[in-house]
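Heads up, the thing below is written out as structure tokens.
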Amino acid sequence: MSEILRHYTNEFRSGRDVSPYDAEAVFAEMISCTDEDALAAMLEAWARKGTTEDELFRFAAIMRSRMKRLEHQIPSVTDIVGTGGSRSKTINVSTAAAFVIAAAGVPVAKHGNRAATSSSGSSDVLSLLGIDVDVEIDATGDDLERHGLCFMFAPRFHSLSPVLAAARRRVESPTVFNNIGPLCNPASASHHVIGVWDNTLVRKTARVLTRLGSERSWVVFGTEGLDEISLTAPTNVAEIDEGTIREFSVSASDFGVGPIDGDLPLNCTARQSADVIRSVLANELAGRDAEKLVLINAAAAIYVAGRAGSLTDAYKAAESAVRDGSAAEKLRQLSDLSI
């Protein structure tokens, strides 16, 4: 184990934080270390201690400074992403919602990866939907410019390491990278809907987004344990709007959603999630809980991006994008490019 990893493993176990003077060195060691055991031990100790706002901000700023950028000419793009690590598992909601949001006229540059703390990451599901996300960065930029939608495969933009990825998978709880990854959108998204796995991260993540310069965003936590807006329980929200943070909660009824049927699929594998997403986009699950869950999350992003004046209007826009076939067409466009 390197000296700095040993030092901070012990510091975290004693409840102490990363010194601002050491953040760059710690990050550099984490992405270059070849000792999987040491990395896993440090990440686990850090997860047990919990990350502070300053730690999240510094490490997100470092990761942003090192990442490759997706160049584009679109004035404003939106990202919708969950951190993973939530207690409740459904389908890959943010992945499905991205197609709907783009079909409603909001450009989406979605950032994601393979699963680290869940059974199904966005890239895993997209592959099963016929979309090759592991492509050259220029091709990803072309998708955004031509179709108003792209999926940015994290390893193409962030020079982390397979050893670090393996160490993350060994830690049973979410790590700092679950939280900082969504804060490092390579397309410089101005609007976000970020779902977090724990209520204590809602305001903390919002404050970090504010310090990083987010224009308007929501950080959300579904109170039954979802890292997305919940269909069946209140969702706590921290809204960032030009440097100010407002906290409140929303429920499905705020989107104009009526009775819930209780047929939401749970604990889906990547294959099951892909099948449900395909059915939602094909308008085959109209009025079912899976569609409602996708639509309320898409509606939040449409609202945050300023394309609707209310959550109910945003929901109607999302629903229309599915009903008229536009969302399914977005899937066809991107999957055709991968054939």
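Observations on the model:
- Number of residues in region 270-323 that are of a type outside the set (A, V, I, L, M, F, W, C) and touching a His at 6+ places or on another chain (Cβ under 9 Å) equals 1.
- Neighbours by Cβ (under 8 Å, 6+ apart or cross-chain): first from region 95-112, surrounded by fewer than 24 Cβ atoms within 10 Å (Cβ to Cβ); second in a strand (DSSP E or B): 107/78; 107/149
- Criterion violated by residue 337 - all others in (1) in a helix (DSSP H, G or I); (2) closer than 26 Å to residue 219 by Cα satisfied: (2)
- Any chance residue 221 is under 17 Å from the mean Cα position of the chain (by Cα), closer than 28 Å to residue 204 by Cα and free of Cβ contacts under 8 Å to residues at least 40 places away in the same chain: yes
- Any hit, region 68-77, residues being among the aliphatic types (A, V, I, L, M), farther than 16 Å from residue 181 by Cβ and surrounded by fewer than 16 Cβ atoms within 10 Å (Cβ to Cβ): yes
- Residue match in region 144-162 (condition: acidic (Asp, Glu) and farther than 16 Å from residue 69 by Cβ): no
- Leading residue by the ranking (nearest to the chain's Cα centre (by Cα)) among those in region 188-203 that are in a helix (DSSP H, G or I) and over 11 Å from residue 245 (Cβ atoms): 201
- For region 18-37, the count of residues that are on the phi > 0 side of the Ramachandran plot and surrounded by fewer than 19 Cβ atoms within 10 Å (Cβ to Cβ) is zero.
- Residues in region 68-98 that are within 14 Å of the chain's Cα centre (by Cα), at pLDDT 90 or above, closer than 21 Å to residue 186 by Cβ and of a type outside the set (Val, Ile, Thr): 6 in all.
- Residue 91 meets each of the listed conditions (1) in a loop (DSSP other than H, G, I, E, B); (2) farther than 20 Å from residue 322 by Cβ; (3) in contact (Cβ under 8 Å) with a residue 60 or more places away in the chain apart from (2).
- Pick from region 148-163, criterion assigned to a helix (DSSP H, G or I) and surrounded by 17 or more Cβ atoms within 10 Å (Cβ to Cβ), ranking: nearest to the chain's Cα centre (by Cα): 154
- Sole exception among (1) closer than 27 Å to residue 143 by Cβ; (2) among the acidic types (Asp, Glu); (3) modelled with pLDDT of 95 or more for residue 247, by number: (1)
- Taking region 203-224 as the range and being under 21 Å from residue 84 (Cα atoms) and aliphatic (A, V, I, L, M) as the test, the residues that pass are 206, 208, 209, 219, 220.
- Any hit, region 170-187, residues being at pLDDT 90 or above, part of a loop (DSSP other than H, G, I, E, B) and under 30 Å from residue 284 (Cα atoms): no
- Residue tally, condition closer than 15 Å to residue 215 by Cα and without any contact (Cβ under 8 Å) to a residue 24 or more places away in the chain, over region 293-314: 1
- Whichever residue in region 237-263 is without any contact (Cβ under 8 Å) to a residue 24 or more places away in the chain and in a loop (DSSP other than H, G, I, E, B) and, among such residues, is nearest to residue 198 (Cα to Cα): 251
- For region 264-276, the criterion of a residue being assigned to a helix (DSSP H, G or I) and among the β-branched types (Val, Ile, Thr) is satisfied by at least one position.
- Selection status of residue 65, outside the structural domain of residue 235 (by TED's automatic domain parsing), within 23 Å of the chain's Cα centre (by Cα) and surrounded by fewer than 17 Cβ atoms within 10 Å (Cβ to Cβ): yes
The values are calculated or read from the model by the stated rules, or taken from the named source; none is laboratory data. For clarity, every value in this text was computed on a predicted model and none was experimentally measured. FYI the Cβ positions are ideal-geometry reconstructions off the backbone, even for glycines, and counts take in every protein chain you see.
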